[in-house]
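First comes the structure, then the notes that go with it.
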Amino acid sequence: MWRFVSISLLLVAGCGVYSLSGGGGLPGHIDSVAILPMDNRTTQFTLTQELTQALADNIPGRLGLRPADEGSADSILRGEITRYDDRAVNYQPDPDGPVIFQRRVDITISIEIYDVREEQVLWSSRALSASGEYQPDQGQSETDGRMLAIDNLIQLIIDGAQSQW
């Protein structure tokens, strides 16, 4: 069933911003993926665990692969968190301090899917960036924005990896 869903998604995907080697998709011998913890160049230390867990929960199934450990996987997803920013995007100046209506979390990563057998990168993006907006005046927090940004990053990874299938 997952393979059918993955194939269906592949037929409608089409974003040429990323690089995918080979003849348009993951090679037939790629059945499993190991998700390695991301290196983190930011001061947001919990981001490593949050992003790695989200990748592990979503990437294998959505790419039609089974999760595996690094020693037995056909492919490896690895990367680095290169930027994290949380800033106000909609606010009103006030003598007592600005009133913030909306904030945006931006996360940028460098990521690749590596073919272990052929020892080559199958897909990569050096500066994949996604945002998540939240409204502090409505009880939302930076965590809400960060989770939205992570969800958006995962979708970009899926779209990129499937872009030439």
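Readers should treat all values here as calculations from the given coordinates under stated rules, not as data from a laboratory. The shown structure was predicted, so the numbers you read here are calculated from the model rather than taken from an experiment. Here the Cβ is made from the backbone with ideal geometry for all residues, glycine too, and neighbour counts use every protein chain on show.
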For segment 39-135, which strands (runs of 3 or more DSSP E) that fit wholly inside it have 2 or more residues that are surrounded by fewer than 15 Cβ atoms within 10 Å (Cβ to Cβ), in contact with a strand residue (DSSP E or B) (Cβ under 8 Å, 6 or more places away or on another chain) and without any contact (Cβ under 8 Å) to a residue 40 or more places away in the chain? 75-92, 99-115
Matching residues in segment 137-151 (surrounded by fewer than 17 Cβ atoms within 10 Å (Cβ to Cβ) and over 26 Å from Asp69 (Cβ atoms)) number 8
Selection count, segment 28-38, where residues are surrounded by 19 or more Cβ atoms within 10 Å (Cβ to Cβ) and in a loop (DSSP other than H, G, I, E, B): 2
